[in-house]
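S.K.: One structure, as C-alpha cells, below. Some questions next.
Rule-based calculations on the coordinates, nothing more; no lab input. The model shown is predicted, which means the values in this text are computed figures rather than measured ones. For neighbour counting, all protein chains shown are included, and Cβ atoms are generated from backbone atoms with ideal geometry for every residue, glycine included.
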Amino acid sequence: MDETTSLAPDDLVRRHVQSGRSLVAVLHAIQDEVGFVPPAVVTPLSRALNLSRAEVHGVLTYYHHFRTSPAAPVTVQLCRAEACRSMGTEALAQHMEARTGCRFDQGHDAGHHGTVALESVYCLGQCALSPAMTVNGTLYAKVTPQKFDTILAAATEAAESEAKDETTTHTKEPA
Ligand code: FES
C-alpha cells in the first residue's frame, strides 16, 4: 500500500468503479490495492453499481478469493481437492493445526499469536506433485509435515523480523 492510498470506503469505490467494469472486477481491484475488501465498501459499491447490498455481499462472500480483513502475516493455503487428498492432505492438515494452534478457515485471530492463518483451497494446479500448498503466495509441492515445519519456521521468522523493522521505522525520531 503506498502513501497515497486512502482506505475511506467512498474513495476506494470512486477509484475503482468505472463504466462497464463488473462487480467482481471492482472487488479484485480493491483487494489488489489494499490487500482485502473492507466490509464498509458494500454500501457505496451497491449505490455506485445500482445493485442491492445483498447482491454485493453475496458476491463478496461467494468467492473464496476475496477476504474481508487483512491477511495474516503468514498465510498458508493448503490444497484439499481430490488429488492432494489422495496423497495425505488431511493428515497434513491435522499436523498443521496441531503445530500452529490454528484451525483451518477461521482467520488469524486465534492461535500462534495471530501470526498464522490456515486456509483451504481447491487445486493449485500441482496435482501431479501433491500435496501442494502456498505460504504467502509461494507455491510448495510434495509437502510433508517436516517440510511444512521448516517452511513455517522460516516464514514466521521473516514475518516477525519484518514487524520489528516496521516498529523501528515508525518509532524512529525524525532526523
Ligand atoms: S488437487 Fe491439489 S493441486 Fe490439484
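S.K.: With θ set to phi - 60° and the Karplus curve 6.51 cos²θ - 1.76 cosθ + 1.60, what are the ³J(HN,Hα) couplings of segment 63-78 in order, to the nearest whole Hz, using x for Gly and Pro?
M.R.: Running phi through 6.51 cos²θ - 1.76 cosθ + 1.60 with θ = phi - 60° gives 8, 4, 4, 7, 10, 10, 9, x, 5, 5, x, 10, 10, 9, 10, 9 Hz.
S.K.: Now, a different point. Please report the relative contact order for the chain, taking Cα pairs under 8 Å with a sequence separation of at least 6, and give it as a percent rounded to a whole number. Spell out each step's value before the answer.
M.R.: Values: 213 pairs, mean separation 30.0, N = 175.
Relative contact order for the chain comes out at 17 percent.
S.K.: For the chain, what are the DSSP H helices with axial Cα length of 15 Å or more and mean Kyte-Doolittle hydropathy of at least -0.5? Display every interim value, and only then the final one.
M.R.: On the way: long enough: 23-34 (17 Å, 1.22); 89-100 (16 Å, -0.71); 145-171 (38 Å, -0.75).
Span-like helices, by this rule, are 23-34.
S.K.: Could you work out the helix-only [θ] at 222 nm for the chain, with each DSSP H run of four or more residues adding -39,500 (n - 2.57) and the total divided by the number of residues, to the nearest 500 deg cm²/dmol? Before the final figure, lay out each step's value.
M.R.: Numbers: 7 runs with 81 residues, N = 175.
Calculated from helices alone, the mean residue ellipticity at 222 nm is -14000 deg cm²/dmol.
S.K.: Still on this structure, I have one more. Starting from the amide H of Q106, placed 1.01 Å from N in the peptide plane, find each other amide H under 5 Å away whose residue is 5 or more places distant or on another chain.
M.R.: For Q106, whose amide H was placed from the backbone, the distant partners under 5 Å are L118.
S.K.: Using per-residue counts of other Cβ atoms within 10 Å, averaged over each peptide, order 93-100, 45-52 from highest down. The partial results should precede the final answer.
M.R.: On the way: 93-100: 16.9, 45-52: 15.2.
The packing order, highest mean first, is 93-100, 45-52.
S.K.: To continue, here is another question. Please build a GNM for the chain, connecting alpha carbons under 10 Å apart, and tell me which residue among G101, G88, G20 fluctuates the most.
M.R.: Top of the fluctuation ranking is G20.
S.K.: Another question, then. So in the chain, which Cys have no other cysteine's beta-carbon sitting under 4.7 angstrom from theirs?
M.R.: C102, C123, C127
S.K.: Once every Cα of segment 28-67 carries one equal point scatterer and solvent is ignored, give the base-10 log of I(q)/I(0) from the Debye formula at q = 0.16, 0.28, 0.31 Å⁻¹, two decimals.
M.R.: Those come out to -0.35, -1.02, -1.14, one per q.
S.K.: So what are the ³J(HN,Hα) numbers for segment 116-130, from phi and the Karplus equation (6.51, -1.76, 1.60; θ = phi - 60°), rounded to whole Hz, Gly and Pro as x?
M.R.: 10, 10, 10, 10, 8, 10, 10, 5, 10, x, 10, 4, 6, 10, 6
S.K.: Can you pull the one-decimal nm distance between simple spin-label points at A83 and T138, each 7 Å off the Cα toward Cβ?
M.R.: 2.3 nm
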